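Report on the following structure.
The values are calculated or read from the model by the stated rules, or taken from the named source; none is laboratory data. This one's a predicted model, so the numbers in the text were calculated from it and none came from an experiment. As a convention, Cβ positions derive from the backbone with ideal geometry for all residues, glycine included, and neighbour counts pool all protein chains shown.
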Amino acid sequence: MHPKILSLFLVLFSLNIAYAESDTHIETEIKNAIENEDIVGLSWSTVSKGHVEVGSAGYANISKLEHMKPAQKMHVGSVTKSVLAMGVLHLIFEGRLSLDSNIEVLLSGLNFNNVWHHRSPIKVQNLLDHTAGLDNIRMWQLLSTKPLPNTPLEEAFESSRQNLLKIRTEPGTQYSYSNMGYTLLAMVIEAVTNQRYEEFLDDNLLDPLEMYDSSFEFISQQGQFADPLLAMGYHENNVTQIAVPSYLRPAGQFTTTAPDMAKFMNFLLNEGKVNGQNFVKPEHMRMLTNPFNTKAHIAGLNIGHGLAFANRDRHNVLGMCHPGTTFGFRAYICLFPDEKKGFFYAANTDNETADYEKFNELFINKLSVVSASIAETTGKEVGLSKLEGIYLPSPNNMAEFEFIDMLFNFIWLEQLNEHLVMKSLQGADRRLIQVGDRLFRDVNRTQASHVFYWDSESRLFLSDGLKTFKQVSVITLVLYWVSLIFGLIGLFYIFLVGLIRVIKRDKVSFVRIKWGFINLLLFSLPIYL
């Protein structure tokens, strides 16, 4: 055998042995977890001070009895954003953009509705850290079957939809997650480079990082864009899900492998350097996970989102993390820069009932991440009684569902001895301990997790860095519910009157409410079925 081929074979063989024998204990735990959580398959990679381990469990395709491989190609949903963000920061490193570049000027063809544009225009930084004040996503953008893999990005922002780019909060002041925002970032890349963003990022980000098995291009399990190495996606009960194009593809379209994501993690843990040279400005690497000058941050809360990640306080450790969800897949990346450790995993199952948090805990334990010190109390100047009351989302995540969120996603705070108890209709009670003037810590966290602040109009807000609520009177909430009740009464009246007129065959009177009655009848069919 040729000496070079022999040596290459031995290297690959030794790597495969290392991966296979990396940690049989974690493999057993993951196999048990995916079985218990009804997840078809999982691939993962861990990094610890430069040492990489990869693994897999379950199936890539059940119908073909194809086992999941460590190098299986997977979709990762919103983990895409963290990778795309590094491409934008590289453009800034090259001097082709800046964090302060004005988006409303760069994308002047779009209909932005920013009442604060004179003092607070939308900047590149606002899109990166989700502080632009944009809505998250519209249902037609998410579920439409019209987009193709190469549909121009501007078609996601039809000029006829006047309120689509309405800015809901002053740019830079408040976090509000936005898939639209990252689509705008991709449009900025195209405006600056005169290339499709997929091509630019593949050539200028993934290639330098040697992520050769990854791509921002559309890749599917079948058809013209099929890749046999891509795992099949699944929902509950092993229902298959083929990849579909999306209007907002820059926010969640990325195909990668566990080994490639290990390279990405090492790049991040190596201070954003490639071959010893800076690829991203050092000052921007320090901003990847920390919030910057939002109202919650100014009030003292250090938990939030930076230029590419959110800092996350779970399982007694602090990490810079990003989750991902897309049709048929879930993914997660989390790094611990001080210890030069990190993990990534992707599951080819989007199961709404599964507890994916179990995998985070497994990998944290596997990496032996050092526990964070619990934040000490520094002062208690604000009386708890002033903070009690009802709080509504401000803003809610999706403008289309604002009314529903006001009805069902409000919270209320009650004082219990020296604590505050946060209650909601959507989850278990949470106990908050005061650790500062306006800072509170969830008893299941190590750091301050919530902060209260007042705006210039003396309105009280509560933020956890990623969600914000505004205190309102009981009357405000009651009015929402009264509106719902009267609306339901009106719908019931139309349905009842229509039914009576159908039975009586009163065609003349029925014509007046025909379409309303038919819509109600069709709307009720899914409930019956």
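If ILE298 satisfies every condition in (1) under 22 Å from the mean Cα position of the chain (by Cα); (2) closer than 30 Å to LEU134 by Cα but one, which is the exception?
Among (1) under 22 Å from the mean Cα position of the chain (by Cα); (2) closer than 30 Å to LEU134 by Cα, ILE298 violates only (1).
Let me confirm something: among THR325, THR377, which residue is of a type in the set (Ser, Thr, Tyr) and not assigned by TED's automatic domain parsing to the domain that holds GLN125?
Every option except THR377 fails the conditions.
Give the residue that is surrounded by the fewest Cβ atoms within 10 Å (Cβ to Cβ), with candidates limited to residues of the range 286-327 that are under 23 Å from TYR453 (Cβ atoms) and of a type in the set (Ser, Thr, Tyr).
THR294
So SER108 fits all but one of (1) free of Cβ contacts under 8 Å to residues at least 60 places away in the same chain; (2) crowded, with 17+ Cβ neighbours inside 10 Å; (3) of a type outside the set (Asp, Glu); what number is the exception?
Among (1) free of Cβ contacts under 8 Å to residues at least 60 places away in the same chain; (2) crowded, with 17+ Cβ neighbours inside 10 Å; (3) of a type outside the set (Asp, Glu), the lone unmet condition for SER108 is (2).
Give GLN195, GLN162 a once-over and let me know the one that is touching a strand residue (DSSP E or B) at 6+ places or on another chain (Cβ under 8 Å), part of a loop (DSSP other than H, G, I, E, B) and either over 17 Å from THR255 (Cα atoms) or of a type in the set (Val, Ile, Thr) (or both).
On the way: GLN195 fails: touching a strand residue (DSSP E or B) at 6+ places or on another chain (Cβ under 8 Å).
Checking each option against the conditions leaves just GLN162.
Does the range 260-274 include one or more residues that are under 24 Å from MET86 (Cβ atoms), among the polar types (S, T, N, Q) and touching an Asp or Glu at 6+ places or on another chain (Cβ under 7 Å)?
No.
Tally time: how many residues in the range 102-128 are touching a helix residue (DSSP H, G or I) at 6+ places or on another chain (Cβ under 9 Å) and assigned to a loop (DSSP other than H, G, I, E, B)?
Total meeting the criteria: 9.
Look at MET211 and say whether it is in a loop (DSSP other than H, G, I, E, B), under 24 Å from TRP44 (Cβ atoms) and not small (Gly, Ala, Ser).
Values: in a loop (DSSP other than H, G, I, E, B): yes; under 24 Å from TRP44 (Cβ atoms): yes; not small (Gly, Ala, Ser): yes.
Taking the combined requirement at face value, the residue satisfies it.
Among strands (runs of 3 or more DSSP E) lying entirely in the range 338-435, which contain 1 or more residues that are touching a strand residue (DSSP E or B) at 6+ places or on another chain (Cβ under 6 Å) and farther than 30 Å from LEU230 by Cα?
Fully inside the range 338-435 and qualifying: 389-393, 411-416, 419-424, 430-434.
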